[in-house]
Amino acid sequence: MFTGLVQALGTVTSLRRRGRGARLGLGARLPGGPLEVGESIAVDGTCLTVAERIRGGFEADLSEETLRRTIAGSWRRGRRVNLERALTPQARLGGHFVQGHVDGRGRVRSLVQGSGQVTLRIDSPGPLRHLIVEKGSIAVDGVSLTVSALGTAWFEAALVPHTLKATNLGDRRAGDAVNLEVDLIARYLEGLLTARGIRRRR
């Protein structure tokens, strides 16, 4: 479990295909002491397991499902990625509960510079639109954001100066793909209503 509050920026050093999966190499320095093999790290919002520690970072395996559902397969050497270690019982929950289980891919429609912030507008995939609500939470590339405006096929979130400095969202441009994870509560409510035979409205 994560909070969506990015702790560090890492860099993709390699992406090697292995059968239907891949091995990802990352240059990373994270707070909290040395990484342990087997621990979970959110990488641009995707929960990955440290498979091997390497000099200056770590490697993680990408399953076929991860490559299908996320944008990880398109990452290239040098890309900056958002990193967060798993939540501990003592940690402050400043964002929202983020599992690192990406629900789908969105696409940046625009970034508009405003007074003291950048407004990010993202096209939301059809299967997720009913799970995104105004003033609700959503994780974009692992960053906990609040939905500030909502259209029929898009949502907006404000990126304050700290977010632009501490994450890679300022690197995004119109047309870029991003990982999306909807709010955990919305996902469970949908499952409960579906199980009780209450059909959702599209």
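Run through segment 80-166 and list the trypsin sites (Lys or Arg not before Pro) located in a DSSP loop whose Cβ has at most 10 other Cβ atoms within 10 Å. All intermediate terms of the calculation are to be shown ahead of the outcome.
Numbers: sites: ARG80, ARG85, ARG92, ARG105, ARG107, ARG109, ARG121, ARG129, LYS135, LYS165; in loops: ARG92, LYS135.
For trypsin sites (Lys or Arg not before Pro) across segment 80-166 that sit outside H, G, I, E and B with at most 10 neighbouring Cβ atoms in 10 Å, the list reads ARG92, LYS135.
Given Cβ point charges of +1 (Lys, Arg) and -1 (Asp, Glu) and nothing else, what value in debye, to the nearest 20, does the dipole of segment 104-195 about its Cα centre take?
180
Note down the net charge around VAL102, summing +1 for each Lys or Arg and -1 for each Asp or Glu among other residues with Cβ under 15 Å from its Cβ.
Numbers: positive: ARG68, ARG69, ARG105, ARG107, ARG187; negative: ASP44, GLU64, GLU65, GLU84, ASP103, ASP141, GLU181, ASP183.
Charge balance near VAL102 sits at -3.
Put +1 on the Cβ of every Lys and Arg and -1 on every Asp and Glu Cβ in segment 8-85; which of VAL12, ALA28, GLY38 then has its Cα farthest towards the positive end of the dipole?
The listed residue farthest towards the positive side: VAL12.
Excluding SER40 itself, what net charge comes from residues whose Cβ is under 13 Å from its Cβ, given Lys and Arg +1 and Asp and Glu -1? Provide the component values of the computation, followed by the final result.
Details: positive: ARG85; negative: GLU36, GLU39, ASP61, GLU84.
For residues surrounding SER40, the net value is -3.
Taking a spot 7 Å from the Cα of SER148 along the direction of its beta carbon, which residues of segment 101-126 have an amide N less than 16 Å from it?
Correct set: 109-123.
Quick check: net charge around PRO31, other residues with Cβ under 11 Å of its Cβ, Lys/Arg +1 and Asp/Glu -1?
+1
So which residue, out of GLY170, GLY142, GLY191, gets the largest mean-square fluctuation from a GNM of the chain using Cα contacts under 10 Å as springs?
For the chain, modelled as a Gaussian network with Cα springs under 10 Å, the answer is GLY191.
Tilt of helix 184-195 relative to the longest C-alpha principal axis of the chain, in degrees (0 to 90, nearest 10)?
60
Could you point to the residue in GLY170, ALA139, GLY126 farthest towards the positive end of segment 104-195's charge dipole, with +1 and -1 charges on the Cβ of Lys/Arg and Asp/Glu respectively?
GLY170
Taking only Cα atoms and a 10 Å spring cutoff, compute GNM fluctuations for the chain and point out the largest among ASP44, ASP183, ASP141.
ASP183
Read-outs throughout are calculated quantities, based only on the coordinates presented, and are distinct from any laboratory measurement. If you're wondering where the values come from, they're calculated on a predicted model, not measured in any experiment. Glycine gets a Cβ as well: all are built from the backbone with ideal geometry, and neighbour counts include every protein chain shown.
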